[in-house]
Amino acid sequence: MDTLTRYHELKQQIHFHNHRYHVLDAPLISDVEYDRLLADLRQLETEHPDWVTSDSPTQRAGAAASGKFEKIRHPRPILSLANAFGAGDARAWFERIRKLDERLATAKFTVEPKIDGLSVVLHYRNGLFVQGATRGDGEVGEDITANLRTVRAIPLKIPVNRAESAQNSPALGQISLFPAQRLSTPSIPSELVLRGEIFITDKDFALLNARLAENGEKTYLNPRNTAAGSLRQLDPAITATRPLTILVYQVVYWVNEKQAGQETALPEPWQSSQWELLGWLKSLGFPVSDAARRFDSLDEAIAYTETWETGRDNLGYEADGMVIKLDNLTLAAELGFVGKDPRGAIAFKFPGREVTTQLLNIEVEVGRTGVLTPKAVLEAVEIGGVVVKNATLHNFDFIAEKDIRIGDRVLVKRAGEVIPYVIGPLLDARSGAEMAYSPPATCPACAQPVEHLADEVAFYCVNAACPAQLIRNLEHFVSRGAMDIVGLGLKIVEQLIAAEQVKDVADLFFLKKEDLLTLEGFAEKKADNLLEAIRAARAQPLARLLAALGVRGVGEVSAKDLAAAFGSLDALSAASADALQTVAGIGPNIAAAIVDWFGRKRNQQVLEKLKQAGVWPTQTQNADLKIPNAPLNGLTFVITGTLPTLSREAAKELIEQNGGKVTESVSKKTSYLLLGEAPGSKYEKALALGVPVLDETALLARITL
């Protein structure tokens, strides 16, 4: 393809994607991919300036307004910014403009988030909101006044009083950094046109999708497209149901009341400073960014900007960069434009975290706990400087809910060090050749039937000898809370499996000294010590063995209760689901999992080998677990946080020695929550359920009473 043909093709592609993004609110490529196309076009136009025509995408800010709404011509152009991809680009921008005006030698800078939302223009007349529009192509937008009136963060009259301001701009407008306004009643032009960004916060987006999913409705891919689509609804009642908010950051146009029809200088204190302007907007009741800062040098501004590259999730909303602006608005205006880009500001773009690519296949991985997890095999794509070929699909319900098909073009996200994940398919990109996907009926590692209980998301392989789970199963089996085989750590487990000396947990009890001596790092004494630890494990009680087997849902506490109720593995393996549910803490799902585990042929073979090895403990059935006169008899505890003197294990042993029981999750049956420093979600749940809370001192006092 020759260069000129490539140039025309780029223009056509960018026009198409502009229309998809700005008019249809249904982009087929990510911002990163769009920026690359635009950068390629700019490069060709730099090399061939005679090719540039007025219809070039570089000569306009967005896309033409659609035909759904009335058109509004903006009083001044609503433009986009040139991009900087790193500190070098930002410094190059300033070096270019510094040559144009000596005042830039002492320039200050204001930095604000570049929100990934929808730019809107707000018109106020005599302090009343009278009209609102989309940006459109920068010259003409769409009249969406009725929809914007439903956005509670937009003041319908200015200035609002303090109560109205607090109600209209919760959280997002709480800024104390701006200088106090010098006027008790801010001066307001009779006609005022402002620019802001409509968006949905991360929290509200998650709640919206959760509500939609609960109602069986279609969920959304990302906050930006959802906000854009919500604003451009023909029915404002639909817009009103969406959690839209706004941040305002620019005065587009104004008319002074005393000189109606004539543009005048902005009144103090915001006539020449972006920082003062943000403070003035806040004093009128408009939400402004609490991440905005002013700096005395470009280096300080860049350093602050770079802190948000990794910390942008703390903003609470999607942002694809920060905007570095000359704080002096008069100077910025006098510098003018390069093409359609104002010289007085630059968008410092962060590495993209969302891209689109082709879903080539769906593979299934078996985790160390037996959970089957679907994995997306992707056409290789770069996200934030990393080439991504695989991404998680969360679970099989997610695939079904999003109707993800093999061959789809999908939106993929990678945030920080988080594993890349598929957000969803781009339905408009389908050709009809895509293939629907169904979860596997058998484990891909051992070909045994997969377990999927009703009301649960996960699919499981419960084969105790599944090769994909063997390391994890052995590691758990020998751990301190299970069979407690001293000296048998993860490294030795891996050695035994690699040498094919152990193919299931029962094989440990058939190991011989000559087997161990073939392994790296083993000598006579080490082999003897390990074999002695394995022999000692044969004496572990039934509850320990039951917990060690890794039956899903059976932990240390429930293992003790089951051992007391049934007395042997023979009795337990023959128990029905109904019988199992008579044991405290055993519900229908865990009961079904126990029945299923013991019913598997491969698991029965492991149990038979354990019996042959002499690892078959029993205890008196229905033994009374209560300790006579113990102070904690009949009480159930949950531990959370870090205790002052006791470790988690020591606290658990202390409670059990005094007749109590320790469980992992808080419920209405929990007697007390034992609270330490930095508690987790268990503390919040305990408060919600009204569960009493004890600290370590109170626990010790109760025991010593």
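The values are calculated or read from the model by the stated rules, or taken from the named source; none is laboratory data. Quantities reported herein were computed from a predicted structural model and do not represent experimental measurements. Reconstructed Cβ throughout: ideal geometry from the backbone, glycine too, with neighbour counts over all protein chains shown.
Listing for the model above:
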| quantity | calculated |
| --- | --- |
| Segment 200-236, residues that are within 20 Å of ILE404 (Cβ to Cβ), touching a Ser or Thr at 6+ places or on another chain (Cβ under 7 Å) and either aliphatic (A, V, I, L, M) or assigned to a loop (DSSP other than H, G, I, E, B) (or both) | LEU212, ALA213, TYR220 |
| Search result, residues across segment 1-15 that are charged (D, E, K, R) and under 15 Å from VAL52 (Cα atoms) | ARG6, GLU9, LYS11 |
| Check on ARG42, of a type in the set (Lys, Arg), in contact with a helix residue (DSSP H, G or I) (Cβ under 8 Å, 6 or more places away or on another chain) and at pLDDT 90 or above | no |
| Test: residue in segment 427-437 that is of a type in the set (D, E, K, R), surrounded by 14 or more Cβ atoms within 10 Å (Cβ to Cβ) and not in a loop (DSSP other than H, G, I, E, B) | no |
| Criterion: under 24 Å from THR241 (Cβ atoms) and not in a strand (DSSP E or B) - qualifying residue of PRO155, PRO159, PRO75 | PRO155 |
| Any hit, segment 579-586, residues being in contact with a helix residue (DSSP H, G or I) (Cβ under 6 Å, 6 or more places away or on another chain), surrounded by fewer than 21 Cβ atoms within 10 Å (Cβ to Cβ) and part of a helix (DSSP H, G or I) | no |
| Number of positions in segment 351-372 that are in contact with a helix residue (DSSP H, G or I) (Cβ under 6 Å, 6 or more places away or on another chain) and either of a type in the set (S, T, N, Q) or at pLDDT 85 or above (or both) | 1 |
| Tabulated pairs, segment 209-222, first in the same structural domain as LYS402 (by TED's automatic domain parsing), second at pLDDT 80 or above, C-beta under 8 angstrom, 6+ apart or interchain | none |
| Hits in segment 649-684 (condition: within 30 Å of the chain's Cα centre (by Cα), without any contact (Cβ under 8 Å) to a residue 40 or more places away in the chain and surrounded by 11 or more Cβ atoms within 10 Å (Cβ to Cβ)) | VAL666, SER667, LEU673, LEU675, GLY676, PRO679, GLU684 |
| Which listed residue is at pLDDT below 85, out of contact with any helix residue (DSSP H, G or I) (no Cβ under 6 Å at 6 or more places or on another chain) and on the phi < 0 side of the Ramachandran plot, from PRO467, PRO449, PRO444 | PRO467 |
| Residue within segment 111-132 that is out of contact with any strand residue (DSSP E or B) (no Cβ under 8 Å at 6 or more places or on another chain), of a type in the set (Val, Ile, Thr) and touching a residue at least 24 places away in the same chain (Cβ under 8 Å) present | no |
| Pair list, Cβ < 6 Å and 6+ apart or interchain, from segment 480-491 residues that are touching a residue at least 24 places away in the same chain (Cβ under 8 Å) to residues that are exposed (fewer than 15 other Cβ atoms within 10 Å of the Cβ) | GLY487/ASN529 |
| Selection from segment 305-360 of residues that are under 23 Å from PRO223 (Cα atoms) and part of a loop (DSSP other than H, G, I, E, B) | GLY316, TYR317, GLU318, PHE350, PRO351, GLY352, ARG353 |
| Yes/no for VAL388 being within 24 Å of ALA26 (Cα to Cα), of a type in the set (Val, Ile, Thr) and in contact with a helix residue (DSSP H, G or I) (Cβ under 6 Å, 6 or more places away or on another chain) | no |
| Criterion (in contact with a strand residue (DSSP E or B) (Cβ under 6 Å, 6 or more places away or on another chain), among the hydrophobic types (A, V, I, L, M, F, W, C) and part of a strand (DSSP E or B)) met by exactly one of LEU372, LEU281 | LEU372 |
| Hey, PHE396 surrounded by 21 or more Cβ atoms within 10 Å (Cβ to Cβ), closer than 30 Å to LEU549 by Cβ and either out of contact with any strand residue (DSSP E or B) (no Cβ under 7 Å at 6 or more places or on another chain) or in contact (Cβ under 8 Å) with a residue 12 or more places away in the chain (or both) or not | yes |
| Selection count, segment 519-541, where residues are hydrophobic (A, V, I, L, M, F, W, C) and within 13 Å of PHE509 (Cα to Cα) | 7 |
| Single match in THR219, THR226 (criterion: at pLDDT 85 or above, more than 18 Å from PHE129 (Cα to Cα) and out of contact with any Pro (no Cβ under 7 Å at 6 or more places or on another chain)) | THR226 |
| Odd one out for ASP50, checked against (1) modelled with pLDDT of 85 or more; (2) closer than 27 Å to THR357 by Cα; (3) over 33 Å from the mean Cα position of the chain (by Cα) | (2) |
| Scan of segment 399-413 for residues that are more than 15 Å from VAL377 (Cα to Cα) and either touching a residue at least 60 places away in the same chain (Cβ under 8 Å) or not in a helix (DSSP H, G or I) (or both), ordered by number | GLU401, LYS402, ASP403 |
| Any hit, segment 373-382, residues being over 22 Å from PRO444 (Cβ atoms), buried (at least 22 other Cβ atoms within 10 Å of the Cβ) and touching a helix residue (DSSP H, G or I) at 6+ places or on another chain (Cβ under 9 Å) | no |
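A quick yes/no check of all residues on (1) of a type in the set (A, V, I, L, M); (2) surrounded by fewer than 16 Cβ atoms within 10 Å (Cβ to Cβ):
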residue: ALA441; (1), (2): yes, yes
residue: GLU451; (1), (2): no, no
residue: CYS461; (1), (2): no, no
residue: CYS466; (1), (2): no, no
residue: ILE497; (1), (2): yes, no
